[in-house]
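Undergrad: Starting off with a structure, shown below.
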Amino acid sequence: MAKTLVVILGPTGSGKTAVSITLAARFGAPILSTDSRQFYRGMAVGTAQPDAAQLAAAPHHMIANHEVAEHYTCGDYERDALALLDELFREHDLVLAVGGSGLYIDALCEGLDDLPEADPALREELERTWKEEPQKLLAQLQALDPGYYERVDRANPKRVVRALEVCLKSGAPYSTLRRGKPQQRDFNILKIGITLPREELYARIDRRVDEMMAAGLEAEARTLYPLRHLNALQTVGYREMFDYFDGTITRDQAVELIKRNSRRYAKRQTTWFGRDAQVHWFAPGQTDTMIALIGGICD
RNA sequence: GGUGCCAUAGCUCAGUUGGUAGAGCAACGGACUGAAAAUCCGUGUGUCCCUAGUUCGAUUCUUGGUGGCACCA
């Protein structure tokens, strides 16, 4: 029987976790997280990791399995997740992948091109140059990879710096290393998107932030405060709390900003997922229809 | 009750010596390959409170309302 990865995606707060528990129970499937923040320990409240009951209801993978101080990238994720899937598919015909990080989902389903890893020293140097003489970096990129220079968002330091980083480390133009062709996986992929009317989604997000505060987000953030400069903590829910701790904003303002920034994040996710024509969209309550769809494809 | 000030975008406000208007924030749209809950780009969404005048033309000036604020009673 063909192995199938059912990918459950959607904006933050759409109810992916609850859906995944229902589907996992129905199919006896394990759950692999595709969330770029939930795999850190100590961030359970702010990243809305599955709770104890949900974790007990189905085997979860890539949840709280890394330290906040670890530098973990989508490249690491692709490698680890594929290895893990290989193992899971020995025991299961169906595995669920659940989360909202579009880039990580793409890394899992289509693979990343074979590009050099980030080099911290080089990156730091490029970032410094960007701050002082951005024109210099742009000129350098234009010389090393004129094609990409034309296409890239030249106002976005992350794009420019990464492209240069790849050019310098590989000795080849960034764009020639970007084949952009999806890699063939040895399992089937079925993408299920969870969606809600905008107003409802935003109301759920607001409510969930209040629930996070009630569940101890402030205390959790306080524990993580000394680590606030780490990448793992460049995250909605924590940054705003850190600003509150620094005295820049009040607690109420922090809560409002977390709500606003979560809504903006949800919008960005919606834009990203909207481009993927493979996604079958459902409301969070339509688990019966999802089960029928999955059953029809797997049997 | 009297006097004065104010009324312009979702909010706070600017402005038009009379030619139907613009900032910040919010909102909305988009991009995205090893930092991605990150990072970046784009868009003004408007009975200029109502009414009657003056005028070729009024959001702008004048009359009378309405609402708000302040002061005096």
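Undergrad: May I ask you to list the residues in region A:262-274 that are near RNA strand B (Cβ under 6 Å from one of its atoms) and either aliphatic (A, V, I, L, M) or crowded, with 17+ Cβ neighbours inside 10 Å (or both)?
TA: A:ARG263, A:TYR265, A:TRP272
Undergrad: Is region A:238-261 home to any residue that is of a type outside the set (Phe, Trp, Tyr), within 17 Å of A:SER101 (Cβ to Cβ) and part of a loop (DSSP other than H, G, I, E, B)?
TA: no
Undergrad: What number of residues in region A:183-208 are assigned to a strand (DSSP E or B) and charged (D, E, K, R)?
TA: Residues flagged as assigned to a strand (DSSP E or B) and charged (D, E, K, R) within region A:183-208 amount to 1.
Undergrad: Assess whether A:LEU88 counts as being surrounded by fewer than 17 Cβ atoms within 10 Å (Cβ to Cβ) and part of a helix (DSSP H, G or I).
TA: It is false that A:LEU88 is surrounded by fewer than 17 Cβ atoms within 10 Å (Cβ to Cβ) and part of a helix (DSSP H, G or I).
Undergrad: Consider A:ALA254 carefully, then state whether it is of a type in the set (A, V, I, L, M), crowded, with 19+ Cβ neighbours inside 10 Å, more than 15 Å from A:THR47 (Cα to Cα) and at pLDDT 95 or above.
TA: Here the answer is yes, as A:ALA254 does meet what is asked.
Undergrad: Sticking with this structure for a sec: Report whether or not A:ARG128 is of a type outside the set (Phe, Trp, Tyr) and near RNA strand B (Cβ under 7 Å from one of its atoms).
TA: In short, no.
Undergrad: Name the residues in region A:1-41 that are more than 12 Å from RNA strand B (Cβ to nearest atom) and β-branched (Val, Ile, Thr), would you?
TA: Within region A:1-41, A:THR4, A:VAL6, A:VAL7, A:ILE8, A:VAL19, A:ILE21, A:THR22, A:ILE31 meet the criteria.
Undergrad: Among the residues of region A:1-18, which ones are of a type in the set (Gly, Ala, Ser), within 13 Å of A:THR195 (Cα to Cα) and touching a Phe, Trp or Tyr at 6+ places or on another chain (Cβ under 9 Å)?
TA: A:GLY10, A:GLY13
Undergrad: What about A:GLU165, is it within 12 Å of RNA strand B (Cβ to nearest atom) and either within 29 Å of A:THR271 (Cβ to Cβ) or in contact with a strand residue (DSSP E or B) (Cβ under 9 Å, 6 or more places away or on another chain) (or both)?
TA: Here the answer is yes, as A:GLU165 does meet what is asked.
Undergrad: Something else now. Scan region A:12-61 for residues that are part of a loop (DSSP other than H, G, I, E, B), more than 26 Å from A:ARG268 (Cα to Cα) and without any contact (Cβ under 8 Å) to a residue 60 or more places away in the chain and jot them down.
TA: A:ALA58, A:PRO59
The values are calculated or read from the model by the stated rules, or taken from the named source; none is laboratory data. Bear in mind that the values here come from a model prediction, so they are computed numbers and not experimental data. Every residue, glycine as well, gets a Cβ built from its backbone with ideal geometry; the counts of neighbours run over all protein chains shown.
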